[in-house]
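What follows is a single structure, written as structure tokens, with notes after it.
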Amino acid sequence: MISMFHSYMDALAFHCLSRLKEERTVYSALHIISGKKTSQTIQDCHLFGLSAFFRTSPHLTREAFDSCISRLAESGYISMK
């Protein structure tokens, strides 16, 4: 079976971004996944139904997330504007 994504993190980022529906930046997904405790991030979790993914990967760095986003864009799963 061929995997659609390179890693679990790619699938997680893609899911979060698809739920955010381009209403937030890609870094909103990073803040949700890493568990940034700001009112905006917590509101976004509830508003977009992503509470289950809050702090899924607390040690995720911006560099690692950027690599994930680049892979998704290169594979055509997301478009960068």
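I'd like to know if region 66-76 contains one or more residues that are among the β-branched types (Val, Ile, Thr), part of a helix (DSSP H, G or I) and either buried (at least 19 other Cβ atoms within 10 Å of the Cβ) or touching a helix residue (DSSP H, G or I) at 6+ places or on another chain (Cβ under 6 Å) (or both).
Yes, the conditions are met somewhere in region 66-76.
Could you grab me the full set of residues in region 39-81 that are among the polar types (S, T, N, Q) and closer than 20 Å to Tyr8 by Cα?
Within region 39-81, Ser51, Thr56, Ser57, Thr61, Ser67, Ser70, Ser75, Ser79 qualify.
Residues being at pLDDT 95 or above, more than 18 Å from Met80 (Cβ to Cβ) and polar (S, T, N, Q): count how many of those fall in region 2-51.
Looking only at that region, the number is 7.
Could you run through region 6-60 and say how many residues are open to solvent by less than 60 Å² (accessible area, probe 1.4 Å), touching a residue at least 40 places away in the same chain (Cβ under 8 Å) and part of a loop (DSSP other than H, G, I, E, B)?
Result for region 6-60: 4.
The values are calculated or read from the model by the stated rules, or taken from the named source; none is laboratory data. All of these numbers come straight from a predicted model, not from anything done at the bench. All Cβ positions, even for glycine, are placed from backbone atoms using ideal geometry, and neighbour counts span all protein chains on display. Note: accessible area is taken over every heavy atom of the protein model, side chains too, but ligands, DNA and RNA are not part of it. Shrake-Rupley method; radii C 1.70, N 1.55, O 1.52, S 1.80 Å.
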